[in-house]
1. Tell me which residues, restricted to segment 214-234, are buried (at least 17 other Cβ atoms within 10 Å of the Cβ) and either in contact with a helix residue (DSSP H, G or I) (Cβ under 6 Å, 6 or more places away or on another chain) or modelled with pLDDT under 70 (or both).
2. Conditions: (1) modelled with pLDDT of 95 or more; (2) closer than 23 Å to residue 108 by Cα. Residue 181 meets all but one. Number of the miss?
3. Under 8 Å between Cβ atoms, which residue pairs at least 6 apart in sequence (or on different chains) link something in segment 115-133 that is free of Cβ contacts under 8 Å to residues at least 60 places away in the same chain and assigned to a loop (DSSP other than H, G, I, E, B) with a partner that is surrounded by fewer than 19 Cβ atoms within 10 Å (Cβ to Cβ) and among the β-branched types (Val, Ile, Thr)?
4. Just name the residue that is surrounded by the most Cβ atoms within 10 Å (Cβ to Cβ) out of those in segment 80-90 that are out of contact with any Leu (no Cβ under 7 Å at 6 or more places or on another chain) and of a type outside the set (Asp, Glu).
5. Would you point out the residue of segment 34-79, among those that are in a helix (DSSP H, G or I) and either at pLDDT 85 or above or crowded, with 19+ Cβ neighbours inside 10 Å (or both), that is nearest to the chain's Cα centre (by Cα)?
6. Which residue pairs have Cβ atoms under 6 Å apart, sit 6 or more places apart or on different chains, and have a first residue in segment 134-159 that is aromatic (Phe, Trp, Tyr) and a second that is assigned to a strand (DSSP E or B) and crowded, with 18+ Cβ neighbours inside 10 Å?
7. What do you reckon, is residue 136 out of contact with any Pro (no Cβ under 8 Å at 6 or more places or on another chain) and either surrounded by fewer than 23 Cβ atoms within 10 Å (Cβ to Cβ) or of a type in the set (D, E, K, R) (or both)?
Amino acid sequence: MLRLPLIALVLLLVPLLTAAEKPARLNPPYQRAQSTDPQEGWSQESAGKDVVIHSRTRPGSSLREFRAIGVIEAAPGAVFAVIDDSESYPRFMPYTSETRVLKREKDTVLAYQRLELPLVSDRDYTLRSRHQRWLSPDGPIYWIRWQPANDQGPPQKPGVLRVNVCEGGWLLEPHESGATRAIYTIYTDSGGALPAVLANNGSRIAIRKVFEAIRKQVKNPKYAAATAAAPAAVEARNRSGQ
């Protein structure tokens, strides 16, 4: 069974969408996830050796949407296994103090997460994540998407600021030499009185921390072992048309 977590750092996070084999179903989101066409509003902010970051504005908002592209030296299935290990986030993901899975279904997960951030009050949110997996000529591709679902999670706690805007996802595709080309997108509003310039800068820093944490965690042998069980179940469901 595929299990889904939610990554979050300075209000960055994670999730996924259902499984399908047919390229026709893959093409629209896959093409969007790879595109950095300036006509879509994306502009390159930085091009470090580990992560390339693009951003764009959203109408009516001073906060920016970010997209980061980086190579992770592990197979897509192993990278997915790390992202899917939500229960372990407090042990390896920066700022994450609590992750609680509230409900699992065939291709969705409802989960609550709380963050302890420097210099500001704690933040929390509940997200509904959906996942999808395709087979390409080079191997499996994983697509992850999430949206807020605070109305289906725990009530707001005193002293903890509730995040109501948080959406994004991952695209994990095969890269040369058995590695993964990971594309991460995030748009979030941490709330409070934090100026947009600081919130945007916090997102840039957090993106790099997310990649760093995953690159380190994926070296754990348990994630390589976890990739063997999930594909058969997903592909069987795809063939059945469910």
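1. 214, 217, 218, 223, 226, 227, 230, 234, listed by residue number.
2. (2)
3. 122/160
4. Filtering segment 80-90 for residues out of contact with any Leu (no Cβ under 7 Å at 6 or more places or on another chain) gives 81-83, 85, 87-90.
Imposing the further condition that a residue be of a type outside the set (Asp, Glu) reduces the set to 81-83, 88-90.
Values: 81: 25, 82: 26, 83: 30, 88: 16, 89: 27, 90: 15.
Selected residue: 83.
5. Start the filter on segment 34-79 by keeping residues that are in a helix (DSSP H, G or I), which leaves 34, 38-40, 76-79.
Those left that are additionally either at pLDDT 85 or above or crowded, with 19+ Cβ neighbours inside 10 Å (or both): 76-79.
Working: 76: 13, 77: 14, 78: 14, 79: 11 Å.
Residue satisfying both the conditions and the ranking: 79.
6. Final answer for the pair search is 134/141; 142/133; 142/172; 143/132; 143/171; 146/127; 146/129.
7. Details: out of contact with any Pro (no Cβ under 8 Å at 6 or more places or on another chain): no; either surrounded by fewer than 23 Cβ atoms within 10 Å (Cβ to Cβ) or of a type in the set (D, E, K, R) (or both): yes.
No: the conditions fail for residue 136.
The values are calculated or read from the model by the stated rules, or taken from the named source; none is laboratory data. Computed from a predicted structure; not experimentally measured. Counting neighbours? That spans all protein chains shown, and the Cβs are built from the backbone with ideal geometry, glycine included.
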